[in-house]
Amino acid sequence: MGDVSIITNALGRFANNMRLYGEAFSKYRELAAIDHEEAIHNLDRAFEQILEGFHTLYDVSQAMFDFHEHPDTSLLISIRNALHHRDHPLFHSFLQTIWLDGEPERLIGAEYLIARHRTTGGNPPPMMHLIKLEDVYSRLDPRYISGYLNPMGKANALARFVSLENSLAFEKVWEKTKKDRYPTKQVYLDLLPIFNSAVSRVFTALDNAGVMFQGFDANAYKSVFIDELKTDLQHFDFFGLRMHALQIELGPKLTIQEASIRRGCTYQKMMVDE
């Protein structure tokens, strides 16, 4: 199994990455009011760093835990690899798409569907990291007509993706999309509940295997992810966001969650699937 201290060290670095992401989120609103491009890039790069930390943990602990056996851990590894190789235009965050990939005025009148797996233990994540659900298919589903399909592991790619798709209940999102007539390019998936589920799963497995959690960050996150946070990967909360002139004027200084409180019906929880 090798030197377990290597896994302990990777856990510590990963926990530190998570703390830095939390700090970037806490500074987002103040910085976005001054320089929204820097604020969005800081937040997105901090999220990518926690994926890098998660992948490092995968590299050193896969003899103890099969990351590809579970949909949450497998999806995070796949998205990290896609972001790492950068051989495609996929997985831009919602914030980047709205505010940095073109003039936001082009989107006035557009309405977005946001799908978030339900948190059943602890509090839902205070932040969101939203990606187009369609991008997941473009990268991982061999049935999808895409020039950006992952070139690795083609032999059993379809079986793996079908298992992932079913285990994360993506069909429920597409049913909602079809019912309410959303364009597929305006359907977004929040990765944070999936991330929480994956980290909880890995931390529990490593703790059961006797891996030490050393340092303040690692021990603080250990109790949160093992004892508190639980995610239901078969059910969603759905939200709708409509772009209009007032939102464009206000800009991205409010997080999506703050927008749900301050902008009333422009961003609202629509329903949970049964």
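The values are calculated or read from the model by the stated rules, or taken from the named source; none is laboratory data. Bear in mind the structure is a predicted one, so any value in this text is a computation, not a measurement. Glycine also receives a Cβ, built like all others from the backbone with ideal geometry; neighbour counts cover every protein chain displayed. Note: areas computed on protein heavy atoms with side chains; ligands, DNA, RNA excluded. Shrake-Rupley method; radii C 1.70, N 1.55, O 1.52, S 1.80 Å.
Assorted remarks:
- Working ranking of peptides 52-62, 9-19 by packing, defined as the average number of other Cβ atoms within 10 Å per residue, highest first, is 9-19, 52-62.
- A simple packing score, the average count of other Cβ atoms within 10 Å per residue, orders the peptides 197-205, 142-150, 224-232, 42-50 as 197-205, 42-50, 224-232, 142-150, with the highest score first.
- Cα centroid separation, region 157-174 to region 213-228 (Å): 30 Å
- Rounded to 10°, Cα long-axis angle of helix 4-32 versus longest principal axis of the chain: 20 degrees
- The Cα atoms of the chain define a convex hull whose projected area, averaged across directions, is 14.6 nm².
- Folded to 0 to 90 degrees: helix 157-167 orientation relative to the chain principal axis, Cα: 70 degrees
- When the solvent-accessible area of region 1-265 is split by element, carbon and sulfur atoms take up 52 percent of it, the probe being 1.4 Å.
- Helical contribution to [θ] at 222 nm, DSSP H n ≥ 4, -39,500 (n - 2.57), averaged over the chain, rounded to 500: -16500 deg cm²/dmol
- Solvent exposure ordering (accessible area, 1.4 Å, most first) of MET64, MET128, MET212, MET152: MET152, MET212, MET64, MET128
- Solvent-accessible heavy-atom area per residue, rounded to whole Å², over the chain at 1.4 Å: 48 Å²
- Distance between the modelled labels on ASP180 and LYS230, one decimal in nanometres: 2.7 nm (7 Å Cα→Cβ projection).
- Most mobile of PRO151, PRO193, PRO71 in a GNM of the chain (Cα contacts under 10 Å): PRO151
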